[in-house]
Amino acid sequence: MNIDGEGPENEIKPYEAKELSAEHLRLEDFEPEEETHLRDYLGVILRRKWVVITFALCVIVTVTASTFMMRPLYKATAVIRINIGNPDPITLKDDPGIRLEDNYYETQYNILKSRALAKRTIQSLMLYEDPDFNPGAGKSLFATLKGWLANLVPALGSVGGYGRPAKAPTEKEYTSLVNKFLSMVQIMPEKKTQLVRVSFISPFPELAQKTVNGLADSYIDFNIDNRLDASKKTGAVLQKQINLFKAKVEASEAALDDYASKNGMLIVDSKDNKQNIMIEKLAAISQALNAATTKRLQAEALHTELGRPGIDSPVLINNALIQDLRKQYASLQAQYSNLLNIYKPEYPKMQMLKSQMRAISRSIAHEKRQVIGSVASDYQTDLRDENYLSQEYAKQEGRILTYQKSNSQYQILKGDVDANRALYGTLLDRMKQVTAAATRTDTNIQVLDRAELPTAPYKPNKQENIALSMLFGLAGGIGLAFFIEYFDNTFKNTHEIEKTTRLPALGMIPMQKFPAVVKRPLIAYSQSRSPVAEAFRSIGTFIMLSSSAKPPKTILVTSPGEKEGKTTICINTAMALAESTGNGVIIDADLRKPKLHHSFGTDNAVGLSTFLSGNAEFEEGLIQKTQINGLNIITSGPIAPNPSELVVSRRMKDLLEALYTMYDFVIIDSPPLMGMSDSIYLSRIVDGSVIVIKAGETTKQVLSETKKIYRNINAKILGVVLNGIKENDLKYNYYSNYYSSYFKE
């Protein structure tokens, strides 16, 4: 075998004949998509439990601290009934209940929250002099500061120290007091009732009770005063209107009397229900004409119906004589039909029956003609009556029109009199109602329950706040956990590898803690019976079974990035293969950051770099023995300035060809795949590659990109090893029952 020979670069050696198994390259075509299970969500919560706990504790502590630091507020409530059914003459309506209830109640609620009512209450209770409501009222500057602090810090209590009596506030000060007052008022209507709860919230329970009761009283007084003021104003306006319309009524009556006297007309008093004789006669003629028309239409319809050939009218059918004749005819016809079965039609008895039937038929026809003739006669009579009445109606209508021409001016004058009288009477009635309303002090507003002195704070509700903080803290923590999980694009178990990339997972290696002096632990050697060592043996077994044709002999171990544990995986997997397969060799092809010689404690003066550069030959100590039976190594050698050129040289292929015939397996520890061409080239000249990724660090995009690179160069991936999996990730996934022993040693 010529190791130093320089053959064609594209020559393919026997060990390079790789078979791309369908189960690896098209695994996604056969593996069904798994649905997300409820346990997956539970696993996310348990895996991120410290995020949930930390967030919940922060919320609970913050809310609890804020709750206990808040000053207690007391709430006093009065219940008011607002009834809209009482008469209200001021509105100029007979029944105020016709108003829209929703609009009325909304108006009253707005009045309760109005600035005018708030100012009225402040004035009536003189709240501007109350230090609990208006800190610093009538006090010195020092007392004012103490009062201000007392509102912030409950421990300071109420503040005394009055000076001279407080002056009435200015308009600007009233504005501030009203704003403060309204911020403490709550209006809560009870649905589908006439009740409304009016509350006042204050740090001082006595102030809350006094103020809300004062507000209810002011609301009632406000309502009464508004009605009385409106009554007075309405009465003054009505009196002016009454005087005006009284003069109009007198003038219009005088004009009507004068016109009637000049034209000799009879004044008809509508109050005595007298009507014009002509109108009465026209109405009588119209009534008779309507009756005649109705009678004529009925006779005409009956006459038309009887005139239709082949149709028997109900008049004919219901005629008693015709009905009797038809019964006789039917009886003879039935008798004739029965005898026809015995006798022939020429038989005398049959001829007699036939003759009787013809006689009855002639009688029926004669009677029908009589009925039709009677109906026609009635129709002509009714038609003459209708024409006569129509002529009389037209004559009487003409007489009325002639009369109305001379009566039009009279009706105009009479209409003015009636209208003025009606308006004058309405104004007099309304004036009486307004006068009565001006003396009333009753109201449609009642205070059902006056406010009592509150004994317990309204806010803060410590139990409720803490309970809500626990609820929202837990919900927010869970939401935050899922939010972090959503953006966590790394692998945490082998199931995610197979689901995301459709690459076979060879196994997982848990996170191991070793002393700092141990660079690369020989777990499969020093802890040969540990579960982790068994995991490496399983990985070696899976590698040997990864090809359907024959086990791979030259194996490349690489990773997408740095510090993902590929060297540790490489070493321990090689030791496991040495136990089960036979003799093997590890090549440290990472010519930039070699680590293999540190793990085995060997010399690195001669290695792969010296061989590939031609400074050492195959027989000059290139292969070194280790303490592991059946396992040799080829170290990287001194770091070369051109590692990529050395790896892709012909001597690298010659070296693999020589080792292929000497050992049962050859494992190459290569540099990271991303950003370097060494591993990409090596993956083309080996039987297959093992990709090592680190749990919680290697992203799904990186592994997908690695798979894409291998497909583009038509290289084979034997599988993926998940390294450094944490106990939390292992505990809450599908593999917990199988790998939990990793952490129990």
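Each value in this text was obtained by applying a stated rule to the coordinates, not by laboratory testing. Computed from a predicted model, the values in this text were never measured in an experiment. Every residue, glycine among them, receives a Cβ derived from its backbone with ideal geometry; neighbour counts consider all protein chains shown.
Given a Förster distance of 56 Å, report the FRET efficiency between residue 639 and residue 530 from their Cβ-Cβ distance, rounded to the nearest 0.05.
0.95
Mind giving me the FRET efficiency for residue 705 and residue 459? R0 is 45 Å, r the Cβ-Cβ distance, nearest 0.05 is fine.
Efficiency computed from Cβ-Cβ geometry: 0.20.
Could you tell me which GluC sites (Glu not before Pro) in region 580-655 are loop residues by DSSP with no more than 11 other beta carbons within 10 angstrom of their beta carbon?
Qualifying residues, ordered by number: 619, 620.
Listed highest first by mean packing, meaning other Cβ atoms within 10 Å per residue, what order do 531-543, 420-432 come in? Provide the component values of the computation, followed by the final result.
Working: 531-543: 20.6, 420-432: 15.1.
Descending mean neighbour count gives 531-543, 420-432.
What percent antiparallel are the DSSP beta bridges of region 489-743, to the nearest 5?
10
Once Rh for region 489-743 is found with the Kirkwood sum over Cα pairs, what is the Stokes-Einstein diffusion coefficient at 25 °C and 0.890 mPa s, in µm²/s?
The calculation lands on 135 µm²/s.
With the Cα gyration tensor of region 558-646 giving a ≥ b ≥ c as the square roots of its eigenvalues, does the rule (a/c under 1.5 for rounded; else a/b larger than b/c for prolate; else oblate) give rounded, prolate or oblate? Spell out each step's value before the answer.
Details: a/c = 2.07, a/b = 1.22, b/c = 1.69.
Judged from the Cα gyration tensor, region 558-646 comes out oblate (a/c at least 1.5, b/c at or above a/b).
Can you bin region 592-699 into rounded, prolate or oblate? Criterion: square roots of the alpha carbon gyration tensor eigenvalues sorted a ≥ b ≥ c, rounded for a/c under 1.5, prolate for a/b above b/c, oblate for the rest.
Numbers: a/c = 1.40, a/b = 1.25, b/c = 1.12.
Judged from the Cα gyration tensor, region 592-699 comes out rounded (a/c under 1.5).
If R0 is 25 Å, what FRET efficiency do you get for residue 326 and residue 380 from their C-beta distance, rounded to 0.05? All intermediate terms of the calculation are to be shown ahead of the outcome.
On the way: r = 29 Å, r/R0 = 1.16.
Computed FRET efficiency for residue 326 and residue 380: 0.30.
Which order do peptides 122-134, 387-399 fall in by mean Cβ count within 10 Å, highest first? Provide the component values of the computation, followed by the final result.
Working: 122-134: 18.8, 387-399: 13.7.
In decreasing order of mean packing, 122-134, 387-399 become 122-134, 387-399.
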